[in-house]
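The values are calculated or read from the model by the stated rules, or taken from the named source; none is laboratory data. What you see is a predicted model; the values in this text were computed from it and never measured. Neighbour counts are summed over all protein chains in view; Cβ atoms, including those assigned to glycine, are modelled from backbone coordinates with ideal geometry. Heads up: the accessible areas ignore ligands, DNA and RNA and are worked out on the full protein's heavy atoms, side chains in. Shrake-Rupley method; radii C 1.70, N 1.55, O 1.52, S 1.80 Å.
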Amino acid sequence: MSLAKVIIIVYDDKQSLRMGSYWEDNEGGQNNGATLKTYYELIPKDKKEWYRLKQQFRVVAPKDVLDWIDTISVKGLIPKFPQTTTDFDFKIWNDCGEMYEALKAKNDKYGQCRMLATYDFPYRLDGKDYFVTCGDNFKLRWDRYQPRAVLPWSERADSIDEVGSVYTVQGFDLNYSGVILGRSIGYDKANDCLRLIPELYDDHAGFTKKKNISDADYVKHKIIMNSLNVLLTRGTKGLYIYPYDDELRKRLLNSTSS
């Protein structure tokens, strides 16, 4: 930094998936995790600019679909179902097995269509296979840890038979994504919003508290919401969603006909 004439720092607080790497929004934060505020305030006013980037280029979808994703994955509210889905294949499913079969058909046509899930099903790096199970007709193993693989997970032919986690796909694009909203994401009927259950979120390492975290419960909720946002913004052509929680699934399915 002492040599540079211009420094450009880019960060997205919604990409923070673990307490150890948790970044907080510079404006209106809760004093949790890393922040640019202290460094930024040291720079003279005429030597700095702050920009908030709003345009995304990954998901080729109408505005109401993008607003739906933002409303549920950032604000936690149940949005009105999008009306303009002709250019983007968007669907809430009642049956996870049927969603998977439809996704495989899309994969045969486009390639790079994969199943994803929130980190709500047991998974350990011990060389064994662990499975994501939903209902009576869906049981698929988590992605196998292959550190020496040449191709990215989504480009390997066998990964259509696996479920990817937020760590598998962060930073990557898919054509279609089938996203399972797992056990930690329920429905608060009284407030018509998501009800997060951090104790069911299985990424225990992600919840390891660091010294710069003052409100661990707040950050746990943010991490779950961030992971949801990452998963819902991978598909460039289409997004399929299966909510594991019965009440949430009913509520989202009802929204499609209202």
(request) Would you mind listing the strands (runs of 3 or more DSSP E) fully within segment 171-252 where at least 2 residues are open to solvent by 20 Å² or more (accessible area, probe 1.4 Å)? (result) 185-188, 193-196, 235-243
(message) Against the definition (over 23 Å from Ala61 (Cβ atoms) and of a type in the set (A, V, I, L, M, F, W, C)), how does Ile185 come out, yes or no?
(response) no
(request) Would you list the strands (runs of 3 or more DSSP E) that sit entirely within segment 34-135 and hold 3 or more residues that are hydrophobic (A, V, I, L, M, F, W, C)? (result) 113-117
(request) Mind counting the residues in segment 101-117 that are under 27 Å from Asp67 (Cβ atoms) and out of contact with any strand residue (DSSP E or B) (no Cβ under 6 Å at 6 or more places or on another chain)? (result) 1
(request) Could you list all residues from segment 177-194 that are touching a residue at least 12 places away in the same chain (Cβ under 8 Å) and over 22 Å from Phe131 (Cβ atoms)? (result) Tyr187, Lys189, Asp192, Cys193, Leu194
(message) Checking the condition more than 19 Å from Thr236 (Cα to Cα) and either among the hydrophobic types (A, V, I, L, M, F, W, C) or open to solvent by 40 Å² or more (accessible area, probe 1.4 Å) (or both), which residue from Ile72, Ile43 passes?
(response) Ile43
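Rundown of residues vs (1) open to solvent by 60 Å² or more (accessible area, probe 1.4 Å); (2) touching a Phe, Trp or Tyr at 6+ places or on another chain (Cβ under 8 Å); (3) at pLDDT 95 or above, yes/no style:
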{"site": "Thr118", "(1), (2), (3)": "no, yes, yes"}
{"site": "Tyr123", "(1), (2), (3)": "no, yes, no"}
{"site": "Asp129", "(1), (2), (3)": "yes, yes, no"}
{"site": "Ile160", "(1), (2), (3)": "no, no, yes"}
(message) Yes or no: segment 48-62 includes at least one residue that is touching a residue at least 24 places away in the same chain (Cβ under 8 Å) and either closer than 26 Å to Asp245 by Cβ or of a type in the set (Gly, Ala, Ser) (or both).
(response) yes
(request) Hey, could you check segment 11-33 for residues that are in contact with a Ser or Thr (Cβ under 8 Å, 6 or more places away or on another chain), part of a loop (DSSP other than H, G, I, E, B) and under 19 Å from Gly206 (Cα atoms) and say which is modelled with the lowest pLDDT? (result) Gln30
(message) Being open to solvent by 100 Å² or more (accessible area, probe 1.4 Å) and under 18 Å from the mean Cα position of the chain (by Cα) narrows it down to one residue among Phe90, Phe57; which is it?
(response) Phe57
(message) For the list (1) modelled with pLDDT under 95; (2) open to solvent by 10 Å² or more (accessible area, probe 1.4 Å), I need the number of the one condition that Leu77 fails.
(response) (1)
(request) State the number of residues belonging to segment 141-158 that are farther than 27 Å from Phe57 by Cα and either modelled with pLDDT under 90 or surrounded by fewer than 19 Cβ atoms within 10 Å (Cβ to Cβ) (or both). (result) 8
(message) Among (1) more than 26 Å from Lys210 (Cβ to Cβ); (2) out of contact with any Lys or Arg (no Cβ under 9 Å at 6 or more places or on another chain), there is one condition Thr35 misses while meeting the rest; what is its number?
(response) (1)
